[in-house]
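We did not get these values from a lab; they are worked out from the coordinates using the rules stated. Remember, predicted model here, so these are calculated numbers, not experimental data. Here the Cβ is made from the backbone with ideal geometry for all residues, glycine too, and neighbour counts use every protein chain on show.
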Amino acid sequence: MSESDDVVDVSLSDDERFLLDRGLVEWSGPARSSEAMAIAIGFSSVEELITEGHRIADALANKRPLTRNDWTRALLATEVVFASDVLGSGHDWATTTGLDDASTLALLRAVQLRLADIIVRP
């Protein structure tokens, strides 16, 4: 088992978990990933981004621990889907998630700090 498969329980607020949840679920909503983007985020395909994204989102919502790889994919998927108007939700983010840009950015920075020692870097 590699280090990226280590299961880690991270203490996140409900709002922080909701942010990551939406960051994953948006890929099956207004966001449309390319195969290349899905792979760059850490999934094998768009199909896996959606199916595994929903599995990870469910674990987040139910406060279950995730592998370091899953934490990494959740964070990266959220960063891209929030910011990109080309592939992600971009300007639609606030409408589809209920999170305005300022709140999202504050939550995202908090999550980035909490996950800094957890995420798997290439």
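Between the beta carbons of Asp101 and Glu47, assuming R0 = 41 Å, the FRET efficiency works out to 0.90 to the nearest 0.05.
Put simply, when 101-108, 7-14 are sorted by average Cβ atoms within 10 angstrom per residue, most first, you get 101-108, 7-14.
Excluding the sites themselves, what is the longest stretch of the chain that contains no trypsin sites (Lys or Arg not before Pro) in a DSSP loop with at most 15 other C-beta atoms within 10 Å? Show your work: numbers first, answer last.
Working: sites that count: Arg32, Lys63.
Formally, the longest exposed-site-free interval is 64-122.
For segment 20-122, the Kirkwood estimate of hydrodynamic radius, built from reciprocal distances between every pair of different alpha carbons, is 13.4 Å.
Entry note, the chain: relative contact order of 36 percent, from Cα contacts under 8 Å with a spacing of 6+ residues. Near the amide H of Val8, within less than 5 Å, lie the amide hydrogens of Leu66, Thr67, Arg68, all on another chain or at least 5 residues away, with H placed in the peptide plane. On a per residue basis, the convex hull of the C-alpha atoms belonging to segment 63-122 measures out at 95 Å³.
About its Cα centre, how strong a charge dipole does the chain have in debye, to the nearest 20, once Lys and Arg get +1 and Asp and Glu get -1 at the Cβ?
With only Lys, Arg, Asp and Glu charged at Cβ, the dipole is about 120 debye.
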